[in-house]
Structure formats: C-alpha cells, structure tokens
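Here is the structure we will look at.
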Amino acid sequence: MVSGSGLCARQVVVDARHHMLGRLASIVAKELLNGQRVVVVRCDEICLSGGLVRQKMKYLRFLRKRMNTKPSHGPIHFRAPAKILWRTIRGMIPHKTKRGAAALARLKAYEGVPPPYDKMKRMVIPDALKYELEAKRKERALVAYERRKQLTKLRLKAEKAAGDKLGSQLDILAPLSY
C-alpha cells in the first residue's frame, strides 16, 4: 500500500480495529486518490479520541444541523460506523470532481468481516493505531501525577501549620468532619 513504489496490490484490505478514525481516514483517502482500491473491514471497532460524553455531545450537535425547509435535502446523518468512516473520507477527497468521485468509488467499508474478505490478508496502518498515542498519554499522566503529589504535600504541610495555630478549635471542628 506504499504509494509511488510502483508495487500496488489489486486491492488492499485494511482491518480498522483499534485505529483512530481521522488518522485512518486521511491515509486511506490519500491511497484512494493515488488509484489504490481499499476495503476497510471491522469499522465497528474504530476508535475516537476523547471521552464518551464528549463524543456523544459532538454527534448530537451534528444531528441538529439540517436544512430548515426540507430536512431530507440537508446533511444526511449516518449512524452506521462504516458510513461514518465513508463520510469522513469523503470530506478529505474532492468528491465533486471526476477524480474525487472515482477515488471514492474505489472505497468499500464494512462492519465486521464479510465472506470474500475473511480469507484475505488484512493490513493494519501503524501510524493510525490507538497504541501510537499511548506514550504521549503516559507522559501527560506522569506530569499530572507529579503535580498532584506536590499539591498533596503542600496541603498536608498547610494543614499541619494550621493545626499548630488553631489548637483547641480543632476539637470543636472534628465532630463536624472538618
């Protein structure tokens, strides 16, 4: 699936499991524009970055966008994961030109693995895997943990200093869970 190498398989089957939506879509879009036929299977296991609530709110905002006078003419809101991937890729391709329409015709996307492709070799795209983001997440988590640890140490120090000053008043506050 390497563009420009002159070695193109007739069609490439990509297993979308544990791939990030945008990263996968951008790489597949480029391959489609270069003339490669791409079949994406297991679209139901594509990952989206961010939390679940954030993704839900984002999708609900998208659902609100519609044509006022005749909603059937307006943006069509696909719910199926394969169609969501298809639409994401369409946004990365000049689909209103002949070249873009031909590129989009070279794409097939499925939930699960349908019969002709279950016996074919499935590829992964290493740059689009969720695992690639893990190192960055661990770095940020370590920084947050160190900061939290430092703040806890400062709070305990402040409580000790306040305890020395307050003295007998702490006995009054203790039953009130302070």
Checklist entry - Taking Lys121 and the conditions (1) loosely packed, with under 10 Cβ neighbours inside 10 Å; (2) assigned to a helix (DSSP H, G or I), which numbered condition does it fall short on, given that it satisfies the others? => result (2)
Item to check | Residues that are under 51 Å from the mean Cα position of the chain (by Cα), exposed (fewer than 10 other Cβ atoms within 10 Å of the Cβ) and part of a helix (DSSP H, G or I), drawn from the range 165-178 | outcome: Ala174, Pro175, Leu176
Checklist entry - How many residues are surrounded by 10 or more Cβ atoms within 10 Å (Cβ to Cβ) and in a helix (DSSP H, G or I) if we restrict to the range 105-115? => result 1
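Within the range 42-81, work out how many residues are in a helix (DSSP H, G or I) and charged (D, E, K, R). Spell out the reasoning first.
Taking the range 42-81 and keeping what is in a helix (DSSP H, G or I), we get 43-45, 52-64, 71-73, 81.
Keeping just the survivors that are charged (D, E, K, R) gives 44-45, 54, 56, 58, 61, 64.
Residues meeting the conditions: 7.
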Checklist entry - Given the conditions (1) at pLDDT below 95; (2) not assigned by TED's automatic domain parsing to the domain that holds Gly50, which single one is not true for Lys149? => result (1)
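The values are calculated or read from the model by the stated rules, or taken from the named source; none is laboratory data. Source: prediction; values computed, not measured. Every residue, glycine as well, gets a Cβ built from its backbone with ideal geometry; the counts of neighbours run over all protein chains shown.
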